[in-house]
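Written out below as C-alpha cells is the structure these notes cover.
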Amino acid sequence: MPKHLNLLPGETLEIKGFDSLGEPTITREDDGSLALTFNFMPPDNGAYEENLDMVIFDNFDNELSKVLGVEVVWEDREFFNIPSPKKDTIDILKKYLENFWKKLSANKTTKEIPLQINTEQPSLAITLKSLKKN
C-alpha cells in the first residue's frame, strides 16, 4: 500500500515551482478539508499581465477538480477549498502545481505553434526579391 503525503489539522505544506513571487500552500483544516491558498491568482511569476490572458485561470477550480477527481470550491480570488479530499489528493495536487508550467508549455496547441513560427520567419517573397540582380 503506497504511503501518501498527509497533513494534520493546522499543518501547512508549501509548494515550490508554481509562483516564484509567492508559492501556494496547502493547509489541513480542523474538519479534514484542505485549504489551497495562492498569493496571486492568476500567479504572478514575473509575468502577471501575460497570465491574465490564460484561459486556464478563468475556471481554475474546474481544472483542479478534474485533475484531483474531487470537488474544489473557489471561495475567493486566491482561496480554494477541497471539502472531501481523498488519501492521494495532497500528492496529486503537489505534483500538479510543481509541474504546472512544464506541462503547460509541453501541451501548447498545434494552432499556437505555427503562428509563433510564422511571425518570426521572414517572408519568402521578400527573401527571393532581395536576391534578384538589378
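Computed extension gain for residue 44 through residue 95, at 0.36 nm per residue and net of the alpha carbon distance, reaches 16.4 nm. The calculated FRET efficiency for residue 53 paired with residue 6, based on their beta-carbon distance and R0 = 25 Å, is about 0.10. Reported value for the stretch 12-107: 92 Å³ per residue, from the convex hull of its C-alpha atoms. How high is the relative contact order of the stretch 39-99, in percent, counting Cα pairs under 8 Å that sit 6 or more residues apart? In percent, rounded to a whole number, it is 25.
Counting lysine pairs in the stretch 12-107 whose alpha carbons fall under 22 angstrom apart, excluding pairs fewer than 8 residues apart on the same chain, gives 19.
Laboratory data are not the source of any read-out in this text; all were calculated from the coordinates shown. Computed from a prediction, not measured in an experiment: that's the story for all the values here. Cβ coordinates were reconstructed from backbone atoms using ideal geometry, including for glycine residues, and neighbour counts include every protein chain displayed.
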